[in-house]
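S.K.: Handing you this structure, nothing more for now.
The values are calculated or read from the model by the stated rules, or taken from the named source; none is laboratory data. Nothing here was measured: the structure is a model prediction, and the numbers come from that model. Cβ placement follows ideal geometry from the backbone for every residue including glycine, while neighbour counts extend to all protein chains displayed.
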Amino acid sequence: MSVNDTCPSCGQKRMSVFYEVANIPVHSCLMLKSRDESVAFPRDDLKLGVCDACGFVSNVVFDEKYYAYSAAYEDQQSFSPTFNKFALQLAQGIVEKHGLRDKRVVEIGCGKGDFLALVCELGGNDGVGIDPTCVKERIKSSVADRITVIADYYSEKYSDYVGDMIMCRHTLEHIYRTNDFMSIIRRSLKDRMETAVFFEIPDGLRVIRDMAFEDIYYEHCSYFSPGSAARLFRQTGYRVTDLALEYDDQYLLVEAIPNGWPSSQIHDLEESPEDMVRYVDEYSKNIETTLNRWREDVTRMYDERRRPVIWGSGSKCVAFLTTIGMNEEIEYVVDINPHRHGKFIPGLGKEIKSPEFLKQYDPQVVIVMNRIYADEIRELLAEMKLAPEIVAL
Ligand SMILES: [Zn+2]
């Protein structure tokens with residue numbers, strides 16, 4: 001395996017490794033049909049490096065040969081009322097702010113198309129969604145016939161699809177060659193200097209600062225902070241018009257427009273590369289303590305026969321269990337997404353159960369993979385007359 005010390009964002013040979021997790025599943029949201037398939041799922045190492053020139057963090061041993069996004073990729077979040085409320089407000093805000101009415105909106109990495117459909121419904125817009133995981137039939141919307149789906153990876157080939165706005169949510173963190181990707185989009189915009197781009201990515205600064213190791217996994221090869229994101233956008237020919245943190249500060253929102261010359265406009269939210277290196281040093285010093293605490297907690301739950309289960313079967317769950325190196329201690333994983341039920345999680349051999357299953361299993365502890373859903377989950381448990389201890393990450 002080759003270590004690449006060239007920063008994929010700024011191009012300087014300044015990446016140094018600060019965190020390693022060996023032998024983890026190379027995907028976390030691909031749904032597998034059997035336990036055997038799950039256990040045999042390909043694994044590889046993750047080594048996070050930080051660039052001291054631009055503050056960008058990425059997996060320096062990432063291998064693009066593992067890209068396998070397809071219809072079997074299941075990351076739809078719209079089964080959660082908490083998430084839907086956020087998505088609706090976000091879409092309303094974008095439609096208002098950018099006057100998206102009777103316009104054409106392009107979404108790169110549209111997933112199952114929920115958000116694109118929302119923007120099209122709210123503003124009476126046409127939409128183009130480009131994503132190898134998108135399934136046209138699953139877009140349940142009154143404007144479904146106004147949405148074109150291209151089930152493929154975005155590339156130069158699709159540079160004619162610009163429309164009046166380009167959106168790209170929860171995609172850039174899966175792209176290794178970040179500078180190339182932003183440059184392709186910038187070239188597609190040509191001299192349309194008014195056309196805005198909107199990106200939403202996990203805030204990598206929070207991940208590092210809060211020791212959120214469950215947010216570090218193979219699928220995510222790129223980790224942006226407000227500063228490193230803004231610096232990449234500026235370097236690839238954009239002017240950052242807004243930066244914001246949303247969803248309990250878990251998501252970083254970036255708005256930008258093309259720029260003819262290197263922009264020097266710095267946003268308040270941006271931290272310096274030196275700040276990022278400092279946070280990374282702290283992470284590297286303290287992460288083992290955090291992991292050991294979880295190992296002890298989960299071991300105790302198991303030893304005391306409290307039947308701990310995990311709520312949320314996505315990437316965080318895969319990362320949580322593989323990073324602390326535990327699997328047998330937690331027998332079951334549940335999820336509210338019905339498209340996941342009966343399927344298996346990559347690497348762990350676990351079948352995903354519906355929350356209903358908990359009625360018979362009667363867990364005494366539920367480990368919630370994202371604390372933003374804790375209240376919603378507590379309510380669902382109460383409806384099933386269950387009151388386990390809730391431990392939220
Ligand atoms: Zn860099």
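S.K.: Tell me which helices (runs of 4 or more DSSP H) are completely within region 294-393 and hold 2 or more residues being under 16 Å from F213 (Cβ atoms) and modelled with pLDDT of 95 or more, or say none if there are none.
M.R.: 315-324
S.K.: Sticking with this one: Please specify each residue of region 3-30 satisfying the condition of being more than 14 Å from the ligand (Cβ to nearest atom), among the polar types (S, T, N, Q) and surrounded by 19 or more Cβ atoms within 10 Å (Cβ to Cβ).
M.R.: If the condition is that a residue be more than 14 Å from the ligand (Cβ to nearest atom), among the polar types (S, T, N, Q) and surrounded by 19 or more Cβ atoms within 10 Å (Cβ to Cβ), then S28 is the only one that fits.
S.K.: Still on this structure, I have one more. Would you mention how many residues in region 141-178 are within 23 Å of the chain's Cα centre (by Cα), surrounded by fewer than 17 Cβ atoms within 10 Å (Cβ to Cβ) and over 30 Å from I216 (Cβ atoms)?
M.R.: Selection size over region 141-178: 0.
S.K.: Still on this structure: Every residue in region 188-230 that is touching a Leu at 6+ places or on another chain (Cβ under 9 Å) and of a type in the set (G, A, S), please.
M.R.: G204, A212, S222, S225, G227, S228, A229, A230
S.K.: Can you name the strands (runs of 3 or more DSSP E) wholly within region 191-262 that have at least 1 residues being in contact with a strand residue (DSSP E or B) (Cβ under 9 Å, 6 or more places away or on another chain) and of a type in the set (S, T, Y)? Give the steps one after another, and end with the answer.
M.R.: Numbers: elements: 196-202, 238-246, 251-258.
Per the criteria, 238-246, 251-258.
S.K.: With respect to V50, determine if the residue is buried (at least 17 other Cβ atoms within 10 Å of the Cβ), within 15 Å of the ligand (Cβ to nearest atom) and either in a loop (DSSP other than H, G, I, E, B) or not basic (K, R) (or both). Reasoning before the result, please.
M.R.: Working: buried (at least 17 other Cβ atoms within 10 Å of the Cβ): yes; within 15 Å of the ligand (Cβ to nearest atom): yes; either in a loop (DSSP other than H, G, I, E, B) or not basic (K, R) (or both): yes.
In short, yes.
S.K.: Okay, next question. Among (1) over 17 Å from I166 (Cα atoms); (2) out of contact with any Ser or Thr (no Cβ under 7 Å at 6 or more places or on another chain); (3) β-branched (V, I, T), where does V119 come up short?
M.R.: With respect to (1) over 17 Å from I166 (Cα atoms); (2) out of contact with any Ser or Thr (no Cβ under 7 Å at 6 or more places or on another chain); (3) β-branched (V, I, T), V119 is out only on (1).
S.K.: Still on this structure, I have one more. Taking V318 and the conditions (1) surrounded by fewer than 19 Cβ atoms within 10 Å (Cβ to Cβ); (2) closer than 25 Å to V17 by Cβ, which numbered condition does it fall short on, given that it satisfies the others?
M.R.: Among (1) surrounded by fewer than 19 Cβ atoms within 10 Å (Cβ to Cβ); (2) closer than 25 Å to V17 by Cβ, V318 violates only (1).
S.K.: Filter region 53-67 for residues that are among the small types (G, A, S) and out of contact with any Gly (no Cβ under 6 Å at 6 or more places or on another chain); which is nearest to the ligand (Cβ to nearest atom)?
M.R.: A53
S.K.: Report yes if H220 is closer than 27 Å to I367 by Cβ, crowded, with 18+ Cβ neighbours inside 10 Å and either at pLDDT 95 or above or away from the ligand (no atom under 16 Å from the Cβ) (or both), otherwise no.
M.R.: yes
S.K.: Which one is surrounded by the fewest Cβ atoms within 10 Å (Cβ to Cβ) among residues in region 31-40 that are among the hydrophobic types (A, V, I, L, M, F, W, C) and either part of a loop (DSSP other than H, G, I, E, B) or within 14 Å of the ligand (Cβ to nearest atom) (or both)? Walk me through it before giving the result.
M.R.: Going residue by residue through region 31-40, those that are among the hydrophobic types (A, V, I, L, M, F, W, C) are 31-32, 39-40.
Right, trim to either part of a loop (DSSP other than H, G, I, E, B) or within 14 Å of the ligand (Cβ to nearest atom) (or both) and you get 31, 40.
Details: M31: 22, A40: 13.
Checked region 31-40; the qualifying residue surrounded by the fewest Cβ atoms within 10 Å (Cβ to Cβ) is A40.
S.K.: Same structure, new question: For residues that are more than 16 Å from the ligand (Cβ to nearest atom), among the small types (G, A, S) and modelled with pLDDT of 95 or more, tally how many sit in region 254-292.
M.R.: 2
S.K.: Looking only at region 86-119, which residues are acidic (D, E) and on the phi > 0 side of the Ramachandran plot?
M.R.: D102
S.K.: Also, quick follow-up: Which one of A72, A87 is more than 16 Å from the ligand (Cβ to nearest atom), among the small types (G, A, S), under 25 Å from D145 (Cα atoms) and touching a helix residue (DSSP H, G or I) at 6+ places or on another chain (Cβ under 9 Å)?
M.R.: Exactly one residue qualifies, and that residue is A87.
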